[in-house]
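Please treat every number below as a calculation from the coordinates, not as lab data. Since the model is a prediction, treat every value here as computed from it, not as a measurement. Cβ: placed from backbone, ideal geometry, glycine included. Neighbour counts: every protein chain shown.
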Amino acid sequence: MPLVYTGGMKKHNEKQSFTAKYSKWILGAIFLFLVILIGKVLPGPTSQPAGQAPLHNEITVLPHPVEPPGTVSLVTEPDDHMQGVFKLIKGATHSIDLVMYEFDDPDIVNALSDAQARGVSVRVLLNKGYGGKTDVKQAVTMKLLQDKNISVKYTPSYFSLTHQKTMVIDDREAFIMTFNFTKKYYATSRDVGILDNDTNDVNAIEATFNDDWNGKQIISSNGDNLVWSPGSETAMLLVIQSANKTLDVYNEEMADDSITQALIAAEKNGVRVRVTMSYATTYKPAFNNLVQGGVGLRTYAGSSKKKYIHAKMIIADDDYAFVGSQNFSFYSLEKNRELGIFVSDPAIIASIEKTFAGDWDGARVYKVKN
């Protein structure tokens, strides 16, 4: 049924001679009105309506990074005891830009303060809390940083929350982490971090930091190897679908049905799929579906004081990996600010595979629960 503009039009029994005489003029005027209206309503190619999360360049083809020696390196927690973080802070010479989801470690606050005292410019973007409410622990850290005269702001409200965990040092290297600066979890949380010296990646992360710092909504660049949320579900699916032989997966959440079904489909297509997680009742339906679909699933007790799987990682065919802050949930993939990176460096792949194998062997086989 065609759209009809009725405002001010005469009844349908108007003389046909009038319509025939002026129909072209009427149609032309309506067309011009619609063109003007659309031009005002629709955003330009990079603008965003107020209050909506920025778009990102959605990844439809996986990049194939070829990292020159020294471009990327790996930190594995809890094995490293957070020494990689302190080493980076102590080695900074002119700037540190930190984005952190949860932060309650006074030792890191002091290390940042020491860096600032020797002339390093320090800026911190701190996630405020859920649903716009201020988390009490975050408020304490905010006060600690302010007392040290460190420049700090809460992350922008145009995301559901900022779950990104990154630190850019001297505009030349970016540390992309799966872990928070939450001291009580350091001893038990399985996490990893990638130190990235790729110039395009570092520039993209720093440009996004600057715009978030200033409250500007932009389309973040993927650099050479990055994947941002909102809008990262497609990238996760591409990694899973790229596998021909094996898939090894860490994650804290299993709440995205498309991911679950993709893992099952890979297993049915002859790919050996192994998932290692910490158990949570919330994810029991997805766990049951995975096991019934043939996927290998092993879990640690959610209450375990020895190990908690917090890393977010996919390794495909022992030669390609995703590492980042993205959990397998709708909000993490499509609403939050998140950041991850694709890696193919053989030494890094071998190291995280060795770690995964050890965690796999130490976990219990998941059996379908009613």
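A few remarks follow.
- Taking amide H positions as modeled 1.01 Å from N, with prolines and chain starts lacking one, the residues under 5 Å from TYR154 and 5 or more places away or on another chain are LEU126.
- Set of aspartates and glutamates with alpha-carbon distance to LYS184 below 18 Å, sequence-local pairs under 8 removed: GLU77, ASP79, ASP80, GLU102, ASP104, ASP105, ASP107, ASP135, GLU252
- Phi-derived couplings, Karplus 6.51 cos²θ - 1.76 cosθ + 1.60 at θ = phi - 60°, listed residue by residue for the range 313-330: 7, 10, 10, 10, 6, 6, 9, 8, 9, 10, 9, x, 8, 6, 8, 8, 8, 4 Hz, with x used for Gly and Pro.
- In straight-distance terms, cross-link reach from LYS268 covers every one of the aspartates and glutamates whose alpha-carbon lies under 18 Å from its own, apart from those fewer than eight places away in the same chain; here that gives ASP248, ASP257, ASP317.
- Among the listed pairs LYS90/LYS335; LYS133/LYS335; LYS133/LYS165, those with a Cα-Cα distance over 27 Å are LYS90/LYS335.
- The slack between LYS87 and ASP107, meaning 0.36 nm per residue of separation minus the straight C-alpha distance, is 5.9 nm.
- For the range 229-365, convex hull of alpha carbons as volume per residue, Å³: 96 Å³
- Computed magnitude of the charge dipole of the range 72-225 (debye, nearest 20; Cβ of K, R +1, Cβ of D, E -1): 640 debye
- Between ALA265 and ASP80, the simple label model (points 7 Å from Cα in the Cβ direction) yields a spacing of 3.4 nm.
- Extension gain, HIS64 back to GLU334 (0.36 nm per residue minus Cα-Cα distance, nm): 94.8 nm
- Per-pair calculated FRET efficiency, R0 = 25 Å: VAL365 and ASP318 via Cβ, rounded to 0.05: 0.65
- Selection among THR282, ALA311, SER344 by position relative to the dipole of the range 254-354 gives THR282 as farthest towards the positive end (Cβ unit charges, Cα centre).
- Fewest-first ranking of ILE240, ILE219, ILE314, using other Cβ atoms within 10 Å as the exposure measure: ILE219, ILE240, ILE314
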